[in-house]
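The values are calculated or read from the model by the stated rules, or taken from the named source; none is laboratory data. Computed from a predicted structure; not experimentally measured. Neighbour counts run over all protein chains shown; Cβ positions are idealised from the backbone, glycine included. The accessibility values were calculated without ligands, DNA or RNA, using every heavy atom of the protein model including side chains. Shrake-Rupley method; radii C 1.70, N 1.55, O 1.52, S 1.80 Å.
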Amino acid sequence: MRLVITGATGFIGRALCDKLLEQGHALILFTRGSPRDANTGTKRWLHWTPGTVREWDVALDGADGVINLAGEPIAERKWTQTQRRRIEKSRIDATHSLVQACAKAKQRPQFLINASAVGYYGPHGDEMITEENAPGDDFLSVLCRDWEEEAKKAEELGMRVVRLRIGIVLGHGGGALGKMAQPFKYFVGGALGSGQQWMSWIHLEDLVGLILQTIDDSRTTGPVNATAPNPVRNKEFCQTLGKVMHRPCWASVPGFALRMALGDMAEMLLTGQRVIPAVAEKSGYRFRYPTLEPALQACAPL
């Protein structure tokens, strides 16, 4: 296949592109910065500026599919008004530009696989969440809802649209795990707040595997929870991480301290969702890492 990918230089994008190239697909990679490496016969980088009509716009004509992983990292900076707008623009505006470009194509892509996040659901306590649940009403929920609404417009063009609601991605060399492991390296790791909030996670290999299956399975459409089938509470996650790293888990961070340091972003860490991958399991996807400890062990060294 000839596939267009945004966010190809990110943690997920790098791993996905490596697998797609192994399978013999031809990739057109959109980047806002410098290319990760050189162009080859099966890989071509294009500078991408959403909202402008340039070479990247034309590249969508004749592509078999689009995988949109672009987005400003959620937890890199405090959520000031400026940062909130940057987060929104990097997702909503970028997706809007992609769908508009698909609409102009003489030969439109067959599908759009669009990243979203489990933040779509908002805080839900102990309730088990599937793709049937409605969105929440906090900042992340509204962001994901609006993001997905832009992607869904591609359905009006006759394209198959898959909205991947991705959990915390565990893998070596990047993502959220490196930050979570840092306190444990200095023997000060522990739970956040009460530690009772649920964490819905997925190993990077399973996320890539699920995307690959979604590309091939034309029956998969709509929302897909990209999470492992066994979410855990924050306390259990931290205890397991400490066990894998051979470090104690004792120095919990009070909720008020997180709120003082991070503002509204702290709620993302102190609340959570118990998300179940109902669609993925129904489709027959077999998780390589369905439980947490083997998944963390596979990420070593941390």
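Quick notes
- Residue list for segment 264-302, restricted to those being small (Gly, Ala, Ser) and at pLDDT below 85: ALA266
- Within the span defined as segment 1-19, one or more residues are hydrophobic (A, V, I, L, M, F, W, C), open to solvent by less than 10 Å² (accessible area, probe 1.4 Å) and in a helix (DSSP H, G or I).
- One residue stands out in segment 241-296 among those that are of a type in the set (A, V, I, L, M) and out of contact with any Leu (no Cβ under 9 Å at 6 or more places or on another chain): the one that is surrounded by the most Cβ atoms within 10 Å (Cβ to Cβ), namely VAL275.
- Residue pairs whose Cβ atoms lie under 6 Å apart, separated by 6 or more positions or on different chains, with the first residue in segment 134-159 and closer than 22 Å to ARG84 by Cβ and the second among the polar types (S, T, N, Q), are PRO135/SER141; CYS144/SER116; TRP147/SER116; GLU148/SER116; GLU150/THR95; ALA151/THR95; ALA151/ASN114.
- Residue check for VAL169: out of contact with any Pro (no Cβ under 6 Å at 6 or more places or on another chain) and buried (at least 19 other Cβ atoms within 10 Å of the Cβ): yes
- For segment 168-191, the condition holds for at least one residue, the condition being that it is β-branched (Val, Ile, Thr), more than 21 Å from ILE5 (Cβ to Cβ), assigned to a loop (DSSP other than H, G, I, E, B) and out of contact with any helix residue (DSSP H, G or I) (no Cβ under 8 Å at 6 or more places or on another chain).
- Positions within segment 151-166 being closer than 25 Å to GLY209 by Cα and open to solvent by less than 50 Å² (accessible area, probe 1.4 Å), in sequence order: ALA151, ALA154, MET159, ARG160, VAL161, VAL162, ARG163, LEU164, ARG165, ILE166
- Scan of segment 226-240 for residues that are among the polar types (S, T, N, Q) and either buried (at least 18 other Cβ atoms within 10 Å of the Cβ) or farther than 30 Å from SER283 by Cα (or both), ordered by number: THR227, ASN234, GLN239, THR240
- Residues within segment 172-189 that are more than 19 Å from the chain's Cα centre (by Cα) and open to solvent by 10 Å² or more (accessible area, probe 1.4 Å), tallied: 6
- Within segment 126-154, the residues that satisfy the criterion of being assigned to a helix (DSSP H, G or I) and of a type outside the set (A, V, I, L, M, F, W, C) are SER141, ARG145, ASP146, GLU148, GLU149, GLU150, LYS152, LYS153.
- Counting only strands (runs of 3 or more DSSP E) that sit wholly inside segment 41-125, not one has at least 3 residues that are open to solvent by 40 Å² or more (accessible area, probe 1.4 Å) and of a type in the set (S, T, N, Q).
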